[in-house]
Each structure stands twice: as structure tokens, then as C-alpha cells.
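A.B. asks: There's a structure below that I have some questions on.
The values are calculated or read from the model by the stated rules, or taken from the named source; none is laboratory data. What you see is a predicted model; the values in this text were computed from it and never measured. When we count neighbours, we look across all protein chains shown, and the Cβ atoms used for this are built from the backbone with ideal geometry, even at glycine.
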Amino acid sequence: MKRSTVLSILLLCLVVALSGCAGGQGGQAPAEQEGEKAPAPAAQGTKMILATGGTAGTYYPLGGAMAQIWNSKLAGYNVTAQATGASVENLKLLDKKEVELALTQNDIAEYAAKGIEAFKDKPLNSARGVATLYPEVIQIIVPADSPIQSIKDLKGHKVSVGAPGSGNEANARQILETFGLTYKDIEPFYLSYAESADQFKDNHIDVIMLTTGAPNAGIQDVSAVKKIRVLPFSAEDVAALQAKYPFFSQFTLKANTYQGQTADVNTVAVQAVLVANQDLPDDVVYNLTKALWENKDALAQANAKANYMDPNNPAKAITIPLHPGAVKYYQEKGMSVQK
């Protein structure tokens with residue numbers, strides 16, 4: 001037999017052998033041969049970063065708990081909670097696609113979309129709402145024996161309005177403005193939460209204007225050594241503020257939130273919300289939204305702020321457009337997405 005013929009026969013045998021192997025282990029999976037549906041492949045692009053806030057704040061631990069829920073409940077998903085400078089920085093990171101998800105205040109998201117406040121140089125329209133998480137409460141703190149009884153009474157006083165360019169500072173300005181005051185009518189101090197608490201304890205300032213989760217640790221420390229009062233908003237005050245800034249919502253600060261605060265206080269709040277980049281696939285956001293709400297109780301065990309998540313109004317006070325993936329889940333569940 002010629003050498004070429006032998007080689008041809010050997011090659012033919014090799015092809016047949018490989019075909020047999022492919023039929024047994026490759027090609028069609030055993031489940032499909034038996035008429036069963038093969039498992040769906042992992043969703044594409046499911047390695048994501050969630051921008052949160054500083055490690056000493058509320059966003060970072062809540063974001064970590066959310067990431068843990070997603071990673072444990074969604075096969076193939078890998079979400080990392082990243083510490084950041086919070087709301088404003090988060091929306092900038094989201095717009096640059098350095099992160100896929102972010103926590104932010106609902107009012108900051110509106111500023112970005114409208115190109116105002118911290119975003120006056122460049123509007124950012126890439127964020128889409130996913131879910132409202134918890135209220136960030138406006139808390140105006142004065143000494144218990146202070147003559148200040150209303151917002152208009154702040155005139156002539158030393159007031160901490162928050163760090164420059166922060167959401168807290170913007171809220172302070174908006175509230176003062178609504179009731180006919182500007183920074184020219186007060187002596188503004190641009191302080192962090194910790195600095196505000198220290199200055200207040202030492203009587204260097206008369207008032208702290210806060211936008212934060214309640215209770216705030218700094219104010220808890222203050223109330224342990226100094227009698228305080230939380231300034232209330234009347235129903236008319238709330239209506240006036242909402243007429244100008246619809247992202248504010250009414251909030252009742254429960255009695256005993258702080259030491260010596262023996263009665264409920266009517267105030268307002270903005271909302272901490274989850275947003276996603278508009279280009280994140282609908283199915284990915286749908287799965288994230290579904291896992292978030294269907295594991296709300298587990299999330300609340302990890303972080304009590306999740307107790308505020310309201311299935312009757314899951315996108316409360318989000319004034320930017322919602323992500324289609326989130327909308328799909330809410331519509332399937334009959335969940336109202338009132339603004």
C-alpha cells in the first residue's frame with residue numbers, strides 16, 4: 001500500500017474519532033437532547049461598580065449590603081460598592097461610565113439633569129431612576145432655650161449651612177430663599193456634620209441646618225450634652241417649599257429620635273435613591289430591581305435604612321426619568337410609580 005493511501009486512511013479515522021467525541025461531550029448538551037431547556041447563559045456586562053459615599057456615612061454600608069444581595073441572589077453578577085464623595089461625585093462618575101450604578105439624593109439628580117447648582121457648567125443626563133431607598137431629612141437644630149421658633153427667625157443668627165457645594169448647602173439656600181432670606185440675612189458657616197456638631201456644642205454657632213438620615217450621629221452626641229430643639233415646618237411651610245421645589249416631601253421626625261425630643265416634629269426630606277446609567281441593559285436593571293425588592297427584608301436586616309423602602313411608591317420623589325428595566329418590573333408587579 002502506498003504511503004499516501006495509509007496517511008489518508010489514518011486521517012479519515014481521526015476525523016471519525018473526533019466526530020464521535022463531539023457528539024458525546026460537545027455540540028448539543030444532554031439536557032437539550034432530553035427535550036429540556038438548557039440553562040440561560042450569564043447576562044452580559046454584569047460586573048458593575050456601585051458608587052456610594054464616604055466610609056463613615058450611610059451610603060457606603062447600605063451600598064455594601066445591596067451589593068451583597070445582588071451577588072448572592074443573581075448568578076453571574078458581580079457588584080462592588082465603591083467609596084466616593086457621594087451624590088455629586090457619583091453622578092459625574094456615572095456620566096463618565098466609570099461606574100454603572102450610584103446612590104444619590106433625588107434633588108442632586110434633578111440638578112444634574114437641569115444643569116444647575118453643582119452642574120451649572122455641564123448638565124448630566126445619563127442617570128435613570130431605579131428605586132427610592134430612604135429619606136434624607138431636613139433637620140434644623142437650635143438650642144432648647146433659643147428664641148428661634150420659625151425659619152424666618154434665623155435672620156441675624158450664626159447658621160451652619162453645610163460644606164460648600166454640597167447637597168446640604170443647596171437645601172439650606174433653597175429653604176432660606178423660600179421664606180424670604182438669603183445668606184446676607186444670616187452669618188453662614190460652611191461646615192461638615194462633625195464640624196457643625198463641635199461648633200454648636202461650643203456655642204460658636206446658633207443653628208445647624210442638616211440634610212441627612214435620622215438620627216444623625218453628630219446630633220445624637222450634641223443632645224447628650226446639650227438640650228436641643230428641632231425646628232418644625234408647618235403645613236403651610238411644607239406646601240410653600242414643595243411648590244417651588246417638588247423634590248421635597250413631608251416627613252415626620254418621630255419623638256425621641258434625639259435625647260430630649262419628646263414630641264414628633266413635622267419637617268421635610270429629600271430622598272436617597274438608586275440610579276443607573278441610561279445605557280445599562282434593560283434586563284440587567286430589571287434583575288437588579290427585582291432582587292432588590294424581593295429581598296428587602298434581608299436588606300433591612302443588614303441596614304435599617306432599607307425599612308423605609310415603600311413598595312406602594314417605589315420611585316417616590318424621583319423627578320428624573322426612570323430606567324425602562326425598573327419600570328418593567330414595577331409594571332409587572334402592579335407597583336405604582338407616582339412622582
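A.B. asks: Do we have Ala22 as under 26 Å from Ala306 (Cα atoms) and either at pLDDT 95 or above or not in a loop (DSSP other than H, G, I, E, B) (or both) here? Can you show your working first?
C.D. replies: On the way: under 26 Å from Ala306 (Cα atoms): no; either at pLDDT 95 or above or not in a loop (DSSP other than H, G, I, E, B) (or both): yes.
Criteria not met by Ala22.
A.B. asks: Which of (1) under 22 Å from Ala315 (Cα atoms); (2) modelled with pLDDT of 95 or more; (3) not in a loop (DSSP other than H, G, I, E, B) does Ser72 not meet, given it meets every other one?
C.D. replies: Ser72 satisfies every listed condition except (1).
A.B. asks: Filter region 211-236 down to residues that are part of a strand (DSSP E or B) and at pLDDT 95 or above and give me whichever is surrounded by the most Cβ atoms within 10 Å (Cβ to Cβ). Write out each step before concluding.
C.D. replies: Within region 211-236, the first condition is being part of a strand (DSSP E or B), and the residues that meet it are 211-212, 228-230.
Right, trim to at pLDDT 95 or above and you get 228-230.
On the way: Ile228: 20, Arg229: 19, Val230: 23.
Among those that are part of a strand (DSSP E or B) and at pLDDT 95 or above, it is Val230.
A.B. asks: From Ala113, Ala163, Ala131, which residue is surrounded by fewer than 21 Cβ atoms within 10 Å (Cβ to Cβ) and within 17 Å of the chain's Cα centre (by Cα)?
C.D. replies: Working: Ala163 fails: within 17 Å of the chain's Cα centre (by Cα); Ala131 fails: surrounded by fewer than 21 Cβ atoms within 10 Å (Cβ to Cβ).
So the residue among Ala113, Ala163, Ala131 that is surrounded by fewer than 21 Cβ atoms within 10 Å (Cβ to Cβ) and within 17 Å of the chain's Cα centre (by Cα) is Ala113.
A.B. asks: Take the residues in region 129-172 that are under 16 Å from Asn266 (Cβ atoms), in contact with a strand residue (DSSP E or B) (Cβ under 8 Å, 6 or more places away or on another chain) and of a type outside the set (A, V, I, L, M, F, W, C), then tell me which one is modelled with the highest pLDDT.
C.D. replies: Step by step, filter region 129-172, then rank; the result is Gln139.
A.B. asks: Taking Ala291 as the residue in question, decide whether it is in the same structural domain as Gly76 (by TED's automatic domain parsing) and either small (Gly, Ala, Ser) or farther than 30 Å from Lys73 by Cα (or both). Can you show your working first?
C.D. replies: Values: in the same structural domain as Gly76 (by TED's automatic domain parsing): yes; either small (Gly, Ala, Ser) or farther than 30 Å from Lys73 by Cα (or both): yes.
Criteria met by Ala291.
A.B. asks: How do the helices (runs of 4 or more DSSP H) wholly within region 75-193 filter down when requiring 1 or more residues that are assigned by TED's automatic domain parsing to the domain that holds Gly63: which remain? Break it down into steps so the answer makes sense when it comes.
C.D. replies: Numbers: elements: 87-95, 106-114, 167-178.
It comes to 87-95, 106-114.
A.B. asks: Which count do you get for residues in region 237-263 that are part of a loop (DSSP other than H, G, I, E, B) and among the hydrophobic types (A, V, I, L, M, F, W, C)? Step through it out loud before you land on a result.
C.D. replies: Within region 237-263, the subset part of a loop (DSSP other than H, G, I, E, B) is 245-248, 254-263.
Now restrict to residues that are among the hydrophobic types (A, V, I, L, M, F, W, C): 247-248, 255, 263.
Final tally of qualifying residues: 4.
A.B. asks: Residue under question is Leu253, and the condition is that it be among the aliphatic types (A, V, I, L, M) and under 16 Å from Gln220 (Cα atoms); does it hold? Let's see the steps before the verdict.
C.D. replies: Values: among the aliphatic types (A, V, I, L, M): yes; under 16 Å from Gln220 (Cα atoms): yes.
Taking the combined requirement at face value, the residue satisfies it.
A.B. asks: Take the residues in region 173-193 that are closer than 22 Å to Glu136 by Cβ and either acidic (Asp, Glu) or in contact with a Gly (Cβ under 6 Å, 6 or more places away or on another chain) (or both); name whichever of them is modelled with the lowest pLDDT.
C.D. replies: Checking each candidate, the answer is Tyr193.
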